[in-house]
Amino acid sequence: MRRAFTRAVSPLLAKCELTHLERVPIDPHAAELQHSAYEHALADAGFDIIRLPDLPDHPDAVFVEDGALLLGGHAIILRPGAASRAGETPSTAAGLAAHFELHRLESGFLDGGDVLRIGQTIYVGRSTRTDAAGISELVRIAASLGYRVVEAKLRDCLHLKTGATHAGPDSGGTPVLLFNPRCVDPAQFADVEPMAVDEREPAAANCLRVADRLILPAPSRHTAGALRNRGFDVIELDVSELQKAEAGVTCMSLIDERA
């Protein structure tokens, strides 16, 4: 069975790092319920849910995508750019060690939210959480695993995957890049057909492909409808409480597609 690695919501979620949003009250219990529904959606798509060790004292620990990059049988342990998150990576490494061959960035900073893999190409956005040294370290490791790394330019967004994600092939086999024109220029990405999200639904640019389904944050009615017209099986999930912590639907799991 395919696997999805997640981590419980910290009771301190309201103290999360914020870059683009004003701080507003966050209800950890409501966030837990939404996170549980998210895990159920992954399970319904055929994934075995494996919880990484709890980190209740780390507000952002539920956002496991930022701590590692899964490439087949390999896991690259990253170095999140927010200093408060440095303590998350040993736990992430421990939770993944039984399932993957581990590699580690030794310098610089790189958030997994800035990493978008399309085939054998890994696009990386340089953001407030990812720097040139971190990208250079990823180039070094990824090259040894057969991947090419390309730096992507961002506009005003937290992470690369805030503004663009790979939806996968539509019913005709065309690979689709879902993107927000305010955040990224889609011409940077090869071998995909760009599809802009509805301007009223900027958060829909962050979609999660799980097997043959797409998860989008609710409400994304217009973007979801356009995707369904292309043959995508779309699930809209309410992650509104988690979005107050600048969450997207990709950031709360590490997806292992190997059967």
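The values are calculated or read from the model by the stated rules, or taken from the named source; none is laboratory data. Here the structure is a predicted model, which means the values were calculated and not measured. Quick reminder, even Gly has a Cβ in these numbers, built from the backbone with ideal geometry, and neighbours come from all protein chains shown. Accessible surface areas use protein heavy atoms only, side chains included; no ligands, DNA or RNA. Shrake-Rupley method; radii C 1.70, N 1.55, O 1.52, S 1.80 Å.
If the Cβ limit is 9 Å and pairs must be 6+ apart or interchain, which residue in segment 73-85 that is farther than 12 Å from Leu138 by Cβ and part of a strand (DSSP E or B) pairs with which residue that is open to solvent by less than 10 Å² (accessible area, probe 1.4 Å) and of a type in the set (S, T, N, Q)?
If the second residue must be open to solvent by less than 10 Å² (accessible area, probe 1.4 Å) and of a type in the set (S, T, N, Q), the pairs left are Ala75/Thr92.
Evaluate segment 212-231: report whether one residue or more is among the β-branched types (Val, Ile, Thr), surrounded by 16 or more Cβ atoms within 10 Å (Cβ to Cβ) and over 21 Å from Gln120 (Cα atoms).
Yes, that holds for at least one residue.
Of the conditions (1) open to solvent by 30 Å² or more (accessible area, probe 1.4 Å); (2) modelled with pLDDT of 95 or more, Glu257 satisfies every one except a single condition; which number is it?
Going through (1) open to solvent by 30 Å² or more (accessible area, probe 1.4 Å); (2) modelled with pLDDT of 95 or more one by one, Glu257 breaks only (2).
Which condition number in (1) over 30 Å from Ile118 (Cβ atoms); (2) assigned to a helix (DSSP H, G or I); (3) in contact with a strand residue (DSSP E or B) (Cβ under 7 Å, 6 or more places away or on another chain) is the one that Tyr38 fails?
It fails just one condition, (1).
Could you tell me which residue of segment 9-57 is nearest to Leu216 (Cα to Cα), considering only residues that are open to solvent by 30 Å² or more (accessible area, probe 1.4 Å) and acidic (Asp, Glu)?
Asp44
Just give me the residues in segment 92-120 being over 17 Å from the mean Cα position of the chain (by Cα) and in a strand (DSSP E or B), in sequence order.
Result: Glu101, Leu102, His103, Arg104.
Against the definition (touching a helix residue (DSSP H, G or I) at 6+ places or on another chain (Cβ under 7 Å), at negative phi, in a strand (DSSP E or B) and buried (at least 19 other Cβ atoms within 10 Å of the Cβ)), how does Leu242 come out, yes or no?
Considered against the rule, which asks whether it is touching a helix residue (DSSP H, G or I) at 6+ places or on another chain (Cβ under 7 Å), at negative phi, in a strand (DSSP E or B) and buried (at least 19 other Cβ atoms within 10 Å of the Cβ), Leu242 comes out as no.
All but one of (1) within 30 Å of Ile76 (Cα to Cα); (2) assigned to a loop (DSSP other than H, G, I, E, B) hold for Asp198; which doesn't?
Only one criterion in (1) within 30 Å of Ile76 (Cα to Cα); (2) assigned to a loop (DSSP other than H, G, I, E, B) is unmet by Asp198, namely (1).
What is the number of the single condition among (1) in contact with a Gly (Cβ under 9 Å, 6 or more places away or on another chain); (2) touching a residue at least 24 places away in the same chain (Cβ under 8 Å); (3) open to solvent by 40 Å² or more (accessible area, probe 1.4 Å) that Pro202 does not meet?
Of (1) in contact with a Gly (Cβ under 9 Å, 6 or more places away or on another chain); (2) touching a residue at least 24 places away in the same chain (Cβ under 8 Å); (3) open to solvent by 40 Å² or more (accessible area, probe 1.4 Å), only one is false for Pro202: (2).
Please go through segment 121-176 and give me each residue that is in a helix (DSSP H, G or I), open to solvent by 40 Å² or more (accessible area, probe 1.4 Å) and within 24 Å of Asn229 (Cβ to Cβ), ordered by number.
none
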